[in-house]
Amino acid sequence: MANIIITGTSRGIGFELVKLFAQEGHQVLALSRNSKPVEDLELSNVHCFPFDLGNPDDFRKVIDFLEQWHVVDVLINNAGRLLNKPFSETTKEEFESVYKVNVFGVAEMTKAVLPMMGREGHVLTVSSMGGVQGSMKFPGLSAYSSSKGAVITLTELLAEEYKETGPSFNVLALGAVQTEMLEEAFPGYKAPVTALEMATYIKDFALTGQKLYNGKLLQVSNSTP
């Protein structure tokens, strides 16, 4: 059984991932600003506490907890902050708040966990089709989509930097998935893929994808939206 860290677990894909991994008997550290949804599951192999990717002090909690595990097999950088607002009305502080979670938070979480990951470990980051060069873009998502493009490049760079020692790094660019975040970005739109369906795919890829891929962007989408 694997030791797995997942960020952004209070709702949507992250919440479904926690349940799926737990059902298979893995040890899960579920991290989100709101830990109550996971706590309410009362799963013995799931650990959680309130955690904010934008707060540098919270990373100490993770490092202290990981002293119990000694090794981390999978890190899933799933948490994301969305801002849907015209570029001309977006303040510097709002732009920074998106990057603090979607880029800097991913980098800091990865850096905190890397010392406990071996050659067979897998760092999997969830990005968006909006961050893929040449894909369809939507007004109002300048901060969000550009931040998702940044973590795609970060993944490629880290795979190159750690290719001799591991772990492996991959990134999934998701299309439209029926989650609360999609509703916030595109009110009223109904996606063809549920959060559970996408979580099932991500779970399987997180456990096995590093055997075939490293430094790769996979576009997981049949609608954008």
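Summary table below
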| quantity | calculated |
| --- | --- |
| Computed P(r) (all Cα pairs; the chain; 10 Å bins; percent) | 8, 35, 40, 15, 2 |
| Positive-end residue, the stretch 25-176 charge dipole about Cα centroid, Cβ charges, pick of T110, L41, S147 | S147 |
| Estimated D of the stretch 1-55 in µm² per second, where Rh is the Kirkwood radius over Cα pairs and Stokes-Einstein applies at 10 °C, 1.306 mPa s | 147 µm²/s |
| Value of [θ]222 nm, deg cm²/dmol, for the chain, DSSP H segments ≥ 4, -39500 (n - 2.57) each, nearest 500 | -10500 deg cm²/dmol |
| All lysines inside 18 Å of K19 as judged from Cα atoms, apart from same-chain residues fewer than 8 positions distant | K36, K203 |
| Accessible-area composition of the chain, carbon plus sulfur, in percent [1.4 Å probe] | 53 percent |
| Relative contact order [Cα under 8 Å, 6+ residues apart], the stretch 95-225, whole percent | 30 percent |
| For the chain: relative contact order, % (alpha-carbon pairs under 8 angstrom, 6 or more apart) | 21 percent |
| Ellipsoid equivalent to the stretch 1-108 - semi-axes via the Cα gyration tensor, in Å | 27, 15, 11 |
| Candidate lysines - alpha carbon under 23 Å from K137, same-chain residues fewer than 8 apart omitted | K85, K92, K100, K148, K190, K216 |
| Whole-number accessible area per residue in Å² for the stretch 94-152, which is evaluated in the context of all protein chains at 1.4 Å | 40 Å² |
| Separation in nanometres of the label points that stand 7 Å from Cα toward Cβ, at R119 and T194 | 4.1 nm |
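The values are calculated or read from the model by the stated rules, or taken from the named source; none is laboratory data. Here the structure is a predicted model, which is why all the values come from computation and not from measurement. As a convention, Cβ positions derive from the backbone with ideal geometry for all residues, glycine included, and neighbour counts pool all protein chains shown. SASA here: full protein model, heavy atoms, side chains in, ligands and nucleic acids out. Shrake-Rupley method; radii C 1.70, N 1.55, O 1.52, S 1.80 Å.
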